[in-house]
1. Could you give every pair whose Cβ atoms fall below 6 Å, whose first residue belongs to the range 17-29 and is under 17 Å from residue 60 (Cα atoms), and whose second residue is among the hydrophobic types (A, V, I, L, M, F, W, C) and in a loop (DSSP other than H, G, I, E, B), counting only separations of at least 6 or pairs across chains?
2. Does residue 87 qualify as being farther than 15 Å from residue 161 by Cα and of a type in the set (Gly, Ala, Ser)?
3. Considering every residue within the range 81-88, establish whether at least one is in a helix (DSSP H, G or I), more than 20 Å from residue 12 (Cβ to Cβ), touching a residue at least 40 places away in the same chain (Cβ under 8 Å) and among the charged types (D, E, K, R).
4. When you check residue 114 against the structure, is it free of Cβ contacts under 8 Å to residues at least 24 places away in the same chain and part of a helix (DSSP H, G or I), yes or no?
5. Select from the range 120-148 the residues that are among the aliphatic types (A, V, I, L, M) and under 22 Å from residue 27 (Cα atoms) and write down the one among them that is surrounded by the most Cβ atoms within 10 Å (Cβ to Cβ).
6. Name every residue in the range 56-80 that is over 18 Å from the mean Cα position of the chain (by Cα) and in a loop (DSSP other than H, G, I, E, B), in order of residue number.
7. Would you confirm whether any residue within the range 45-55 is without any contact (Cβ under 8 Å) to a residue 40 or more places away in the chain, among the basic types (Lys, Arg), in a helix (DSSP H, G or I) and more than 27 Å from residue 170 (Cα to Cα)?
8. List the number of the failed condition for residue 221; all other conditions in (1) surrounded by 14 or more Cβ atoms within 10 Å (Cβ to Cβ); (2) over 28 Å from residue 56 (Cβ atoms); (3) at pLDDT 95 or above hold.
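The values are calculated or read from the model by the stated rules, or taken from the named source; none is laboratory data. This structure is a prediction, so every number in the text was calculated from the model and none was measured. Virtual Cβ from ideal backbone geometry, glycine too; neighbours counted across all protein chains shown.
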Amino acid sequence: MGGRTDSARQLGHSIADAIVDAVAQGTLEPSQRVIEADLARQFEVSRVPIREAIKLLQVQGILNVTPNRGARVASFDPLMIGQVYEARIALERIAVREAMRAYRREPRLLDGLREIISRMERMARWSDWVEFRKCDVAFHREICRASGNEIVLRLWEALAQHITIIFGRELASERNFAVVIDQHRKLVDLFERGDGTIERVIEEHIVRLRGPATTNAARNRGQRRADGMRTLSEKG
């Protein structure tokens, strides 16, 4: 019995990831209704793992579920997107600063980032945007892990699905593998050199597909939040 439950839960996680990919690619649109029966037919499964996936995505804020009215993809309106950017900037500023120390102590840890860039290059040759996007998310997750800051990593993971969707939809408007790869190489180079400008560069990297006004506003709010989190960390 427990094995079947675990299997349904694992399958539910896989289906949840597939739904996130669909939103990121534009197959599912913000505010679009998600119908259990349609998903069950699409994935050729019962409704049990579908409900597991919907429940998981509801907790993550990707789906909004209303009793008797079903599930819909979250709106991903400018306010939500701006808030995700603010939080991400604040978290990754802390992450790169603390990861810098780890990479200086153990330069071999940078091999993890280099391997992800190599995978990105392979995905670029195959024009595989889905896997390319996953590599991008993996790169930033690796930095958060290297920081050794468990709180930053947990909070970043809570945003990971939102980051996947927002980045995927914005990247689709550009579709330039080379620019993204070059920016990640630059980040590795800054880590390798111990260059303190990386906090500014990571912000510019995160918001590069946003308009100038949005970029400046997100940067300023992100800076204030990062400063506040740093103060709390120092007090702790």
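1. 22/28
2. Judged against the criteria, residue 87 is not a match.
3. Among the residues of the range 81-88, at least one is in a helix (DSSP H, G or I), more than 20 Å from residue 12 (Cβ to Cβ), touching a residue at least 40 places away in the same chain (Cβ under 8 Å) and among the charged types (D, E, K, R), which makes the answer yes.
4. no
5. Across the range 120-148, the extreme among qualifying residues is 123.
6. Selection gives 67, 68, 69.
7. yes
8. Only one criterion in (1) surrounded by 14 or more Cβ atoms within 10 Å (Cβ to Cβ); (2) over 28 Å from residue 56 (Cβ atoms); (3) at pLDDT 95 or above is unmet by residue 221, namely (3).
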